[in-house]
Amino acid sequence: MALPMVLWTIALLAAITILLAGIIEGWISEETREGKQFRARQQALSGIALAMNPAIGPGDPLLEHHTTDKGEGYKVTISDESGLINPNSLLAATPDRRDLLKKLFTTWGLSISESDTAADGLYDWQSTTPVRSLHGAKKAEYEAVGQAGFPPDAPFVSTAEMVLVLGFTPVIHAHPDWRNAFTTHYNGKINILHAPKLILTDFLGLSPDQADQWITLRSGKDGIDGSSDDLTVDTISHAASLMGCTGAQQSVILDTCDVVGSVRRIESTGFCNGVKRHITVILGRGSTDNAQSSGNLLGWTEQ
């Protein structure tokens with residue numbers, strides 16, 4: 001009887017040892033990863049601090065740093081939010097420009113019905129009137145789906161609110177990177193000097209070749225938007241003529257775009273031995289057509 005008891009005791013002790021080893025290894029791995037996450041975030045913050053300096057512009061060599069021996073560093077990109085669409089500006093206009101949003105959504109693959117519902121839903125979200133648009137939704141419709149308290153009947157505070165709009169889901173599914181087209185941090189017209197290709201083609205109606213040629217022209221010899229050798233134009237009419245727009249394209253551009261305004265967007269990715277931390281900061285630059293004051297922190301997100 002002693003031999004089986006000894007064998008069972010040995011097996012039990014072995015199992016406990018293996019279990020404890022696994023637990024300890026898990027603790028060590030977790031602590032190690034948390035340490036890497038901390039270091040990666042510190043690197044990302046270093047990049048943010050550097051890029052917030054007005055003297056640092058897009059393409060500056062200092063925006064990328066890598067320490068070979070420790071596997072740490074950061075990479076920062078600087079762009080401009082003034083080249084994106086502010087839904088509040090389109091929806092609050094008199095008359096409102098839901099037609100442009102509907103056209104954009106249709107370009108992204110939505111049906112006419114889905115585009116009407118999404119655009120009317122966005123309008124009703126910010127409209128102060130209790131009257132529902134033909135394809136939109138007001139308080140009764142939101143309460144029916146368990147979203148009491150919506151809509152706020154006020155302008156969008158951030159693009160994250162657009163996700164909550166009834167009827168907007170098809171836009172999210174049809175174009176997953178839709179957020180790259182919108183901003184609530186800039187109040188002026190779209191700055192054609194900073195508009196990304198997505199805006200130039202899908203919203204303004206330029207062909208891909210026209211968009212590429214315009215981006216190349218405005219970026220100057222170094223090919224970097226926002227640098228010192230960028231193209232200088234005085235008016236949006238001048239810009240439209242340089243772009244070689246057709247009559248229909250020029251009409252939309254003259255109506256919705258301008259050549260002034262700046263809201264700095266900083267995206268910093270810090271890394272440490274395979275672990276990454278991404279921080280996005282929106283910084284006001286105090287342009288005359290934007291309500292935010294110079295140097296004002298408008299947005300901060302981390303991933």
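Quick check, is residue 82 in contact with a Lys or Arg (Cβ under 9 Å, 6 or more places away or on another chain), of a type in the set (Ser, Thr, Tyr) and free of Cβ contacts under 8 Å to residues at least 24 places away in the same chain? Judged against the criteria, residue 82 is not a match. Just name the residue that is surrounded by the most Cβ atoms within 10 Å (Cβ to Cβ) out of those in region 117-144 that are charged (D, E, K, R) and under 15 Å from residue 98 (Cβ atoms). This residue is 124.
Say whether the condition of being part of a loop (DSSP other than H, G, I, E, B), modelled with pLDDT of 90 or more, more than 22 Å from residue 198 (Cβ to Cβ) and touching an Asp or Glu at 6+ places or on another chain (Cβ under 8 Å) is met by at least one residue in region 48-66. Checked against the condition, which is being part of a loop (DSSP other than H, G, I, E, B), modelled with pLDDT of 90 or more, more than 22 Å from residue 198 (Cβ to Cβ) and touching an Asp or Glu at 6+ places or on another chain (Cβ under 8 Å), region 48-66 yields no hits at all. Among the residues of region 246-283, those that are part of a loop (DSSP other than H, G, I, E, B) and more than 17 Å from residue 196 (Cα to Cα) comprise 246, 273, 274. Taken together, the criteria place residue 82 among residues that are part of a helix (DSSP H, G or I), among the polar types (S, T, N, Q), at pLDDT 75 or above and closer than 19 Å to residue 225 by Cβ. Please tell me if residue 151 is crowded, with 22+ Cβ neighbours inside 10 Å and within 24 Å of residue 186 (Cα to Cα). Yes, satisfied.
Looking across region 162-208 at every residue that is of a type in the set (Lys, Arg) and closer than 21 Å to residue 232 by Cα, the one that is surrounded by the most Cβ atoms within 10 Å (Cβ to Cβ) is identified as 189. Taken as a whole, the condition of being outside any helix (DSSP H, G or I) and over 25 Å from the mean Cα position of the chain (by Cα) applies to residue 234. Of all the numbered requirements in (1) exposed (fewer than 10 other Cβ atoms within 10 Å of the Cβ); (2) at pLDDT 75 or above; (3) of a type outside the set (Phe, Trp, Tyr), residue 44 misses one, and that requirement is (1). It is to be established whether one or more residues within region 198-208 are among the polar types (S, T, N, Q), touching an Asp or Glu at 6+ places or on another chain (Cβ under 9 Å) and modelled with pLDDT of 95 or more. No: zero hits.
Need pairs with beta-carbon distance below 9 Å; first residue on the phi > 0 side of the Ramachandran plot and within region 147-176, second small (Gly, Ala, Ser) and in a loop (DSSP other than H, G, I, E, B); sequence gap 6+ or separate chains. From residues that are on the phi > 0 side of the Ramachandran plot, the pairs are 153/127; 167/136; 167/137. I'd like to know if region 168-181 contains one or more residues that are within 14 Å of residue 89 (Cβ to Cβ) and β-branched (Val, Ile, Thr). Checked against the condition, which is being within 14 Å of residue 89 (Cβ to Cβ) and β-branched (Val, Ile, Thr), region 168-181 yields no hits at all. Entry remark, region 179-226: residues being among the acidic types (Asp, Glu), assigned to a helix (DSSP H, G or I) and more than 19 Å from the chain's Cα centre (by Cα) number 2 in total.
Count of region 160-178 residues, restricted to those that are outside any loop (DSSP other than H, G, I, E, B) and at pLDDT 95 or above, is 11.
Here is a yes/no grid of residues against (1) in contact with a Phe, Trp or Tyr (Cβ under 8 Å, 6 or more places away or on another chain); (2) within 24 Å of residue 263 (Cα to Cα):
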| position | (1), (2) |
| --- | --- |
| 43 | yes, yes |
| 55 | no, yes |
| 59 | no, yes |
| 67 | no, no |
| 74 | yes, yes |
| 79 | no, yes |
| 93 | no, yes |
| 119 | yes, no |
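The values are calculated or read from the model by the stated rules, or taken from the named source; none is laboratory data. Everything numeric here is computed off the predicted structure, so don't read it as measured data. No Cβ is skipped: glycine too gets one built from the backbone with ideal geometry, and neighbour counts run over all protein chains shown.
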